[in-house]
Each structure stands twice: as structure tokens, then as C-alpha cells.
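Participant: Sharing a structure with you now.
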Amino acid sequence: MDRYKVATLCLLLARVVYTINWFNIASIFYLIASDFGTNIAILGIISASFLIGVGLFQVPAGIIAAKIGARKIAIYGIMIASSAALVTGLASDTAQIILLRFIVGIGMACFFGPSVILISRYLGKESEGLGIGLLNSSHALGGIVGLFGWAILAETLGWRGTVILSGGLGITTAIILSIALVRHEDEIQKEFRIKTSHVLDTLFNKSLIILGLTLLGFQAGSSMILTFSVFYFEDHLKIGPVEAGLIGSLSLIVALISSPLFGRIYDKFGNARKLLFISGILSAISMLGLTTNSLYVLATSVIMTGFFLSAGFVIVYAKAKEINRSQPHYQTLAVSYVNGISLFGVFWVPVLFSFIVNGLGYEVAWLLGALVVILLVFPILKLK
């Protein structure tokens, strides 16, 4: 098999395990709470610590990648995240878990941007969108396994055994990546020097900021669906746990197919502005179906919302990479920067959604949530 195909498959495998380590803590929260006698507030802090780590280090990881290359920083990132995940299984209190999840976030920040650059490089210029779509499909698959597969495993292995297992799998993928990832000519950069002016040009690039804000809209929609839909089905609509979990996972299941589809559409037709605007509006409209009590409408709503949301994650990353094409050393920084904007900005969404639910009910929360997605997608109309 061609070495670039092998490298691509290994990247996709690493992305799946990476995402398992992202979502598995959420699926075993109840066991951690029982073990340490704590409550959901502390577990929320654990989640926040992770998001701070993954958001805060997007830009530093992009800058480091400019110096040492995407290949090395991707391998280091998976190793750091996986090692911290494994050690989490040995934690003796929640303070240690909070710190370790922060470190997991740092490692994942180091892997994300480089993985986008590497898969685009391996598949070639005509298939960059497809490559990013495949990465997003792997993310969806890892999310499904992490959220539901790891919850089942935890019943047998306990929460400590499951995080040790996922951490060990991650370390294994880091070793595989060190063997399989192709060393590109651009990776040999011993004399390359990072210029502050080039970094600032990237960070203050108007198009990248617009893409970051647009991605925040898609990130907000995804956050609301993945965080609240299952509990909403169980608590408000009195749907059984199995059915609720199945319906809630449909957004990830459909993303397995829709992500590479939108990647290929972007490769063929381009026009990120039009594709992102239309997808954002349609995803927001699809969310409105969550205000009904019909099981079929709910399932259709989750499927359609997940379908159009996947377009945002694929196309934004592909476009961000193109913007810095004239400065290839800083393409990783561009992708990481856009991702960082969306991750930092999405913090307030779960808080606001919960506040609205408590005061005005779920229906109003979903309506306003859809409005938020629409408002955040509008800046894309200013993209050149």
C-alpha cells in the first residue's frame, strides 16, 4: 500500500482514539461522582478545565508547529493527551482529575491543527476538503464510541479501567504515528525562524476571525445538541434512556457520511461563503424541530441538524488552511487559531441554555439557540 495511504489511515485511527479520550469522561461522570462523593458542579469544572486546555493552547501549538513541523507536534500531542488520560485512572481526588484533564486538552490542541495539515498534504490539493471531511467523520465515530461504548465498558471495567484503556490505546497510536507519518520536505526546518510579524498577520487576519466566529455558530449548535438533547428527551419528554440515547447520537452518526460529502462538495465547487451561510441557516431551522413532542420529528430534527452542522467544521478548516497558503509554515497556526476562537467562545452557550431552560422552558431555549446559530453565521457574508 502507498505510504501516503498508510499515513492517512493512521491519522484517522489516531483521530478516533483522540475523540474517545475527549468524550469518554462525559459518559462515566456518574461513576466518578459516586466514587468521590461529589456532585455535578465539580464534574462541570473537570469539563471546563479540559476545554480551557484545548482552547488556550491552539495558538501556541500552531506556532510550535511552524518551527518543528506538523508531524512532530502531532505525535507529541497524542502522546501528551494519552499519557494524561491514562494517569487519570490513578487519580486519588477530583483536583488531580481537573489538572489531568487540562493536560489532556493541551495535548489535543497540539494534535488537531497538524492533523488537518498532514491529511491535506497526503491526499493532495484536489482532495483537501475530502481529507478534512474524513477527519471529521473519525471525530464523529470516536464520539459515538466514547459516549456510548465507554459507558457500557465502565459497567464491567469501572471508570478507572476505561480511562486507563483509552489512554493506553492513545499511546499506542502515538507510537504508530511516529512510524507511519511521512516526513515531508517542509518538515526539515532547522534554519527556519518564526517571525513575530508573520504570527501577528495570522492572528489579526480579518478572514480568519470571520471564519472563527462562523465556526463558533456551528460549535454552539453542536454543543447544545450533544450536551442537552439526551437529557431533554428523558427529563422533559419522558422518553426511555435507550431511545433517548439513540436519538441523541443520530447527529454524530449522520456526520460519518455528511462530513466527507461536504468535503468533496467544497473540493469541487469552492465558495465557502455561500456553503457556510446556507448550511448554518438550515442547521438552525432544523433545530426548531426539537420544540415538538413527535418522536419522528425529533429524530428528523437531530439528523438534519447534525447533517448541516458537519459542513461548518469541514469547510471552515479547509478555507482557513487556504488563507495562509502563501505562508505554508503558518497554515497550522491558521487552522488552530480558528478552532481556538470557536472553542473559547462556546463556553457561555451551555450556561445560557441552562439559564433559559430554568426560567422559560426548553421550547424557548431551543428557539433562542437556533437564533444564536443564525446570528453567529451572518459574519461569513463579509468573507472575501
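Read-outs: derived from the displayed coordinates by stated rules, not from any lab. Bear in mind that the values here come from a model prediction, so they are computed numbers and not experimental data. Cβ coordinates were reconstructed from backbone atoms using ideal geometry, including for glycine residues, and neighbour counts include every protein chain displayed.
Participant: Can you tell me which of Ser342, Ser354, Ser47 moves the most in a GNM of the chain? Springs connect C-alpha atoms under 10 Å apart.
Facilitator: Judging by the Gaussian network model, the answer is Ser354.
Participant: Can you sort His139, His329, His236 by how many other beta carbons sit within 10 Å, fewest first? Kindly include the intermediate steps, with their values, before the conclusion.
Facilitator: Details: His139 24, His329 20, His236 14.
Fewest to most other Cβ atoms nearby, the residues stand as His236, His329, His139.
Participant: If packing is taken as the average count of other Cβ atoms within 10 Å, what order do 305-312, 267-274 fall into, highest mean first?
Facilitator: The peptides rank, most packed first, as 305-312, 267-274.
Participant: Here's something else I'd like to know. Most fluctuating residue of Val254, Val314, Val335 in a GNM of the chain with Cα springs under 10 Å: which is it?
Facilitator: In the Gaussian network model the winner is Val254.
Participant: At a 10 angstrom cut-off on C-beta neighbours, averaged per residue, how do the peptides 167-179, 58-70 rank from highest to lowest?
Facilitator: Values: 167-179: 19.1, 58-70: 22.5.
In descending order of packing, they fall as 58-70, 167-179.
Participant: Would you list the membrane-span-like helices of the chain, meaning whole DSSP H runs whose alpha-carbon atoms span at least 30 Å along their axis and whose mean Kyte-Doolittle value is at least 0.0?
Facilitator: 3-27, 94-123, 150-180, 206-235, 241-269, 295-323
Participant: Here is a further query. List the residues, sorted by chain then number, that are 5 or more residues from Leu383 or on another chain and whose placed amide H is less than 5 Å from its amide H.
Facilitator: none
Participant: Give, in whole angstrom and from largest to smallest, the semi-axes √(5λ) of the equivalent ellipsoid of the stretch 1-146, with λ running over the eigenvalues of the Cα gyration tensor.
Facilitator: Value: 30, 16, 12 Å, ordered largest first.
Participant: If neighbour count is taken as other Cβ atoms inside 10 Å, put Leu118, Leu31 in order from fewest to most.
Facilitator: Leu31, Leu118
Participant: What's the exposure ranking of Leu276, Leu246, going from fewest to most Cβ atoms within 10 Å? Show your work: numbers first, answer last.
Facilitator: Numbers: Leu276 28, Leu246 17.
So the residues, fewest neighbours to most, are Leu246, Leu276.
Participant: If you build a Gaussian network model of the chain, linking Cα atoms that sit under 10 Å apart, which residue out of Ser115, Ser223, Ser251 swings the most?
Facilitator: Ser223
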